[in-house]
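For reference, the structure discussed in these notes is given below.
The values are calculated or read from the model by the stated rules, or taken from the named source; none is laboratory data. Note that the coordinates shown come from a computational prediction; the quantities given were computed from them, not determined experimentally. No Cβ is skipped: glycine too gets one built from the backbone with ideal geometry, and neighbour counts run over all protein chains shown. When the accessible area is computed, the model is the full protein with side chains, heavy atoms only, and any ligands, DNA or RNA have been set aside. Shrake-Rupley method; radii C 1.70, N 1.55, O 1.52, S 1.80 Å.
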Amino acid sequence: MKEEINTPVCSPAKRGKGTGLAVLVFYVVLLMLNAGALEESVSRMPFGTARSFWLKVLRPCAATASRLHLGWPRRMVETHLGNHLNRDTGR
Amino acid sequence: MLFPTAVFALFFFVVFFMHWGLVRFPRTRKWFLLCASMVFYGYWSWKFALLLLGSSMLNHAVAKLLAGQRDGCGRNRKTLLVLAIVINLGLLGTFKYAGFFTDGVLLPILRPVCGWLGESAVAALVSFQESIYPMLSSIVLPVGISFFTFQALSYVIDVYRGLVNPARSWLDFANYLAFFPQLVAGPIVRATVLVPQMEELPSEKRHSETGKAVFLIVCGLFKKTVLANWIATRLADPVFAMPETFSGPDILLGVYGYAVQIYCDFSAYSDIAIGTALLMGFEFPDNFNAPYFATSLRDFWRRWHISLSTWLRDYLYIPMGGSKSGPRRTAAALLVTFLLGGLWHGASWTFVLWGAFHGTVLIVERFVTSFRNPAWMEGRNAATLVRMSSIVLTFHLVCFSWILFRGGDMEVVRGVLGGLFAWRSGVGDVTLWSATSIIMVVAGFSSQFLDGGRMAAFHARLCLVPAWVQGVAAAVVLTLILGLGPKGVAPFIYFQF
């Protein structure tokens with residue numbers, strides 16, 4: 001059942017540099033795509049230093065993401081599939 | 001700290017970059033890694049983190065003493081080993097089984113005995129109960145204690161057997177025991193695999209495949225946050241909460257749903273753990289390999305929670321005689337191993353029954369497979385038919401055992417089995433059967449195609465994709481997953497074990 005793998009494997013050094021970049025890009029893009037949802041969830045936190053801090057961090061990101069319409073993919077999935085999947089059936 | 005949360009995402013961001021930023025300072029890096037694992041574990045309770053540190057100190061000290069006496073007196077070594085086993089199991093027993101043994105074993109025996117002895121004995125028993133219950137209810141089970149206790153035990157036993165040298169320093173061993181990706185729900189990585197990696201922390205040149213790691217993490221998050229959570233809240237939880245209100249077909253879907261849910265939930269944790277460790281340069285062995293495609297229960301245990309089944313095989317089944325000491329001894333070893341395996345999962349009679357069921361079926365399987373296959377089964381078509389039937393039969397045996405596992409108490413188990421076998425109609429005309437529920441169960445079942453080496457070629461190709469593209473793709477997919485999943489995250493099933 002084992003499949004022969006003939007695909008060339010990239011060098012360890014290339015992989016080493018790549019991992020950090022991939023993770024960094026992942027975090028930045030994830031933050032921008034979800035900034036609106038994160039801000040909304042932080043705003044529901046109890047009042048205090050943590051809430052104020054995270055709102056200060058997230059507001060500029062959420063504003064930029066909103067200007068660039070980056071919240072669109074998540075909103076679209078939530079509206080068309082997520083809400084349908086997760087709505088209460090009343091059972 | 002739960003994997004699919006913003007808190008963990010933030011924690012991992014800091015840990016990942018600090019871990020690779022400290023490559024030139026190995027000792028500082030090891031201390032940093034240990035502190036990170038303590039923060040991860042201490043997020044539940046700092047007392048648990050201290051307990052974990054205490055366990056690592058004790059086990060490392062015993063391992064050092066055992067290694068120091070390798071050529072010395074065998075009796076002293078045995079005493080040390082027994083002491084370590086007693087302390088480790090004592091710790092596990094106190095936190096996990098004290099309530100079960102008092103309430104489920106001791107008191108049911110004492111009650112009739114005291115009744116027979118007279119009024120003063122009954123009064124003494126009542127006062128004992130009054131004093132013991134507040135004490136028992138104050139015991140909180142430390143998350144993942146079953147996992148790290150088994151890791152510590154395997155380390156000490158392997159050092160005793162001379163299979164592994166003790167870790168060079170306590171710091172290396174503590175990092176092995178407390179390493180955050182596998183700390184609370186496995187996989188139970190052996191010392192032979194992880195201690196050398198902790199001694200020589202991965203340098204950039206040994207950096208492993210990013211594509212594979214990210215793929216595992218994203219798949220794990222999809223299985224957990226979308227599939228397992230949906231199936232739990234819509235199918236399995238309602239059926240097991242009120243089985244008497246559901247019809248036979250609904251209960252059947254609930255049981256299939258639970259089988260898929262527990263697979264998606266637990267394999268998701270393993271995938272995320274393996275992927276997270278891989279991003280940090282550590283390699284873990286696989287923990288699942290398409291378990292519901294198993295052709296026998298024996299095969300199932302080679303594919304389900306592999307790190308636990310190999311642990312039970314190496315430290316219980318084989319020392320008790322294994323398969324080489326005659327059929328009776330093998331049967332006894334199988335039964336005891338699975339009874340204890342059941343008890344490991346939880347302090348309840350339903351888990352003991354679950355273990356007994358698996359042990360008994362494995363014994364029957366051994367007996368049946370000892371006969372030679374009839375000639376008609378040798379043809380290609382017949383062999384395929386037999387194989388398919390074996391997969392279906394094994395899956396249904398496993399599903400049956402999940403009823404015991406999920407039931408919690410015998411009342412629920414009876415309710416589910418009663419509804420299933422009587423094939424009665426439910427209360428009202430609401431049914432769990434819908435296109436969405438079938439799609440979710442089939443999708444969860446099909447996610448087994450991602451297990452094991454099936455995706456190796458794809459992982460290798462992912463490595464050729466530019467790093468920034470991998471990062472963007474993973475972020476977009478994860479965003480879509482977050483949009484699909486419900487608000488909030490249910491804890492992983494295996495956290496309670």
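Side notes on the structure shown:
- Peptide B:210-217 shows a mean partner chain C-beta count of 3 within 10 Å per residue C-beta.
- Rolling a 1.4 angstrom probe over the protein heavy atoms with all chains in place gives segment B:148-242 an accessible area of 26 Å² per residue.
- Cα gyration tensor, segment B:1-65 - rounded (a/c under 1.5), prolate or oblate: oblate
- The label point for residue A:51 and the one for residue B:323, both projected 7 Å from the Cα toward the Cβ, are 6.1 nm apart.
- Legend: mean number of C-beta atoms from other chains within 10 angstrom of residue C-beta atoms, peptide B:274-281, equals 1.
- Per-residue ellipticity at 222 nm from helix content only, as computed over chain B with -39500 (n - 2.57) for each DSSP H run of at least four residues, stands at -21500 deg cm²/dmol.
- Value of relative contact order over chain B, rounded to a whole percent, pairs C-alpha under 8 Å and six or more apart: 20 percent
- Surface calculation, 1.4 Å probe, protein heavy atoms: residue B:30 sits at approximately 30 Å² accessible.
- Among the listed pairs B:30/B:224; A:56/B:30; B:30/B:64; A:56/B:487, those beyond 29 Å (Cα-Cα): B:30/B:224; A:56/B:30
- Tensor-based shape of chain B (alpha-carbon gyration tensor, a/c under 1.5 rounded, otherwise prolate or oblate): rounded
- Surface composition of segment A:34-91: carbon plus sulfur atoms hold 61% of the accessible area, using a 1.4 angstrom probe and ignoring ligands, DNA and RNA.
- 10 Å Cβ neighbours from other chains, averaged over peptide B:457-470: 5
- A simple rule links phi to the HN-Hα coupling: the Karplus curve 6.51 cos²θ - 1.76 cosθ + 1.60 with θ = phi - 60°, which for segment B:396-404 gives 6, 5, 5, 4, 4, 5, 5, 5, 5 Hz, with x for Gly and Pro.
- In this view, the solvent-accessible surface of residue B:283, computed with a 1.4 Å probe and all protein chains in place, comes to about 100 Å².
- Charge tally in the Cβ shell below 15 Å around residue A:60, where Lys, Arg are +1 and Asp, Glu are -1, residue A:60 excluded: +2
- Shape call, the protein assembly as shown: gyration tensor on alpha carbons, a/c limit 1.5: rounded
- For the pair segment B:236-268 and segment B:73-111, the centres of their Cα atoms are 34 angstrom apart.
- For segment B:34-206, a simple Cβ point-charge model (Lys and Arg +1, Asp and Glu -1, everything else neutral) yields a dipole of about 500 debye relative to the Cα centre.
- With θ taken as phi - 60° and the Karplus curve 6.51 cos²θ - 1.76 cosθ + 1.60 applied, the whole-hertz 3J(HN,Hα) list for segment B:187-194 is x, 7, 7, 6, 4, 4, 8, 9 Hz, x standing for glycine and proline.
- Dipole check for chain B: with +1 at the C-beta of Lys and Arg, -1 at the C-beta of Asp and Glu, and the Cα centre as origin, the magnitude is about 1380 Debye.
- Karplus 3J(HN,Hα) series, Hz, for segment B:9-24 with 6.51 cos²θ - 1.76 cosθ + 1.60 (x for Gly, Pro): 4, 5, 4, 5, 4, 5, 5, 4, 6, 5, 4, 7, x, 9, 3, 7
- For residue B:83, the solvent-accessible surface with a 1.4 Å probe is about 100 Å², rounded to the nearest 10.
- The distance between label points at residue A:83 and residue B:50 comes to 5.0 nm (points 7 Å beyond Cα on the Cα→Cβ vector).
- Rounded to the nearest 100, the interface formed by chains B and A buries 3600 square angstrom of accessible surface, both chains summed, with a 1.4 Å probe.
- Protein accessible area in segment B:34-206, 1.4 Å probe - carbon and sulfur %: 67 percent
- Sequence of B:43, B:292 from largest to smallest accessible area, 1.4 Å probe: B:43, B:292
- Modelled spin labels at residue B:302 and residue A:28, positioned 7 Å past Cα toward Cβ, are 4.8 nm from each other.
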